[in-house]
Amino acid sequence: ERLTWSAGDGHGLVVHPLQKFTVGALNCWENWMPLARSALYAQGEDLHIALWPGNVRNTTDISRFIAQESRSYVLSVCGLMYPDNIPEDVPFADLIKENAPLWLANGGTCIVSPDGSWILEPVVHKEGLFTATIDHKEVRKERQNFDLAGHYSRPDVLKLHVNRKRQSTVEFED
């Protein structure tokens, strides 16, 4: 990933309003980074979109954890990939297909409520459009029990600094 997506910066680590919700998103392993999640929580995120290349092992535990930690809804979106999806012009495509398991990415798309319970359990080996109705009142109800970005965050003791400045591989000075 570092070869493909580097060099990144914190410029896009922001949330967006969507009706009653404040939506944030992280990609792949970023979802496992506590400070990246905390930056979104501090901005009022209450609907977290977790994007994954596609493996139920990536989504089952962390999706429920993020929901319980943040008292937010979590929508984990995962891809499917099987050997026939590999284009013939990929170097060593035949060798890859010959040695690949039945599924290279088995999915795992799921939806979790702010209390950590499943709204949609992880869906594997199935492509589709999955929908659910979510109620913003559930976020408020759960945050009465625990509000990670509220006084439980202990701003008198702990502080997170997010650098949103655009990063570049070159800096010019006159």
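No lab work stands behind these numbers, since they all come straight from the coordinates. These numbers were taken from a predicted model, which means no experiment stands behind them. Because the Cβ atoms are built from the backbone with ideal geometry, glycine has one as well, and the counts that use them run over all protein chains shown.
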Seminar exercise, completed: In a Gaussian network model of the chain with springs linking alpha carbons closer than 10 Å, the residue among Asn27, Asn85, Asn106 that fluctuates most is Asn85
Exercise. Lysines near Lys126 by alpha-carbon distance under 28 Å, same-chain residues fewer than 8 away left out - which ones?
Worked result: Lys97
Seminar exercise, completed: Simple SL model, points at 7 angstrom along Cα→Cβ for Trp32 and Tyr82; separation in nm is 2.8
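About the Cα centre, and with charges only on the beta carbon of Lys, Arg (+1) and Asp, Glu (-1), how big is the dipole of the chain? Nearest 20 debye, please.
Numbers: 17 positive and 23 negative charges, 161 e Å.
Dipole magnitude for the chain comes out near 780 debye.
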Exercise. So how much slack lies between Glu127 and Gln167, counting 0.36 nm per residue of separation and subtracting their Cα-Cα distance, in nm?
Worked result: 10.7 nm
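Using DSSP, restrict attention to beta bridges with both residues in the range 2-153 and report what percent are antiparallel, rounded to the nearest 5. Please list the in-between numbers first.
Details: 12 of 23 bridges.
If I count the DSSP bridges inside the range 2-153, around 50 percent turn out antiparallel.
Let me have the 222 nm mean residue ellipticity of the chain computed from DSSP H runs of 4+ only, each contributing -39500 (n - 2.57), with the sum over all residues rounded to the nearest 500.
Dividing the helical sum by the residues of the chain leaves -7500 deg cm²/dmol.
Given R₀ = 25 Å, FRET efficiency for Asp89-Leu51 by Cβ-Cβ distance, to 0.05?
Numbers: r = 26 Å, r/R0 = 1.05.
Taking R0 as 25 Å, the efficiency between Asp89 and Leu51 is 0.40.
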For this session: Take the chain, connect every pair of alpha-carbon atoms lying under 10 Å apart with a spring to form a Gaussian network, then pick out the residue of Glu138, Glu88, Glu69 with the largest mean-square fluctuation.
Result: Glu88
Problem set entry | Proximal aspartates and glutamates to Lys165, defined as alpha-carbon separation beneath 13 angstrom and excluding residues fewer than eight positions away on the same chain | Asp9
For this session: Mind sorting Leu160, Leu40, Leu18 by how few other Cβ atoms lie within 10 Å of their own Cβ, fewest first?
Result: Leu18, Leu160, Leu40
Problem set entry | Between helix 136-145 and the chain: long-axis angle, C-alpha atoms, 0 to 90°, nearest 10 | 60
Exercise. Once mean projected area of the Cα convex hull in nm² is worked out from the coordinates, which option in [x] 14.4; [y] 11.7; [z] 13.9 does it equal?
Worked result: [x]
For this session: Determine the shape class of the range 33-136: with a ≥ b ≥ c the square roots of the Cα gyration tensor eigenvalues, call it rounded for a/c under 1.5, and otherwise prolate if a/b is greater than b/c, oblate otherwise.
Result: prolate
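What is the extension gain from Leu102 to Gln43, computed as 0.36 nm multiplied by their sequence separation minus the C-alpha to C-alpha distance, in nm to one decimal? Working shown, then result.
Values: separation 59, 0.36 × 59 = 21.24 nm, distance 4.13 nm.
So the chain would gain 17.1 nm between Leu102 and Gln43.
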Exercise. Going by alpha carbons, how many degrees (0 to 90, nearest 10) lie between the helix axis of 56-70 and the longest principal axis of the chain?
Worked result: 10
Exercise. How far apart, in nm, are the 7 Å Cα→Cβ label points at Arg154 and Phe65?
Worked result: 2.0
